């Protein structure tokens, strides 16, 4: 079972603070709907460097070469945004075409995930 954690951008110093669900509710005191909009959830996965992957992260992905689904691709490396999906899982949405990939390692054509930034601190990475 994955640990349920969140990060919130601190308005005072523009850095992220990290909380468990209990800390968010009891210590941080999230009571306003706007506070929850600033919270991003941990996916339960880490990238190739051991860095935790959260919603809003921009990750570099690399496909396995020579698979039936990847052998004709022009590039095996692409960037995507991690988002929570309607099916209660996390997906990476490819920049710029928004093609969706489930965030997991098993049964995936994706060989490598690496966090390269996030939508808050690195908006320039969203330009494709």
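Each reported figure results from applying straightforward, stated rules to the coordinates on display, with no laboratory input. All figures in this text were calculated on a predicted structure; none of them were measured in a lab. Cβ sites come from the backbone with ideal geometry, for glycine too, and all protein chains shown count toward neighbours.
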Rounded to the nearest 500, the 222 nm mean residue ellipticity computed for the chain from DSSP H runs (n ≥ 4, each -39500 (n - 2.57)) alone is -500 deg cm²/dmol
Fewest-first ranking of 57, 17, 47, 87, using other Cβ atoms within 10 Å as the exposure measure
87, 17, 47, 57
Just 58, 77, 25 to compare: in a GNM of the chain, with alpha carbon springs under 10 Å, which one fluctuates most?
25
When the chain is treated as a Gaussian network with springs between alpha carbons less than 10 Å apart, the largest mean-square fluctuation among 71, 11, 111 is found at 11
What list do you get for 101, 91 if you sort them by fewest beta carbons within 10 Å?
101, 91
Taking N as the number of residues in the stretch 5-127, what value does Rg over Cα atoms divided by 2.2 N^0.38 Å take?
1.15
I want the antiparallel fraction of DSSP beta bridges within the chain, as a percent rounded to 5.
100
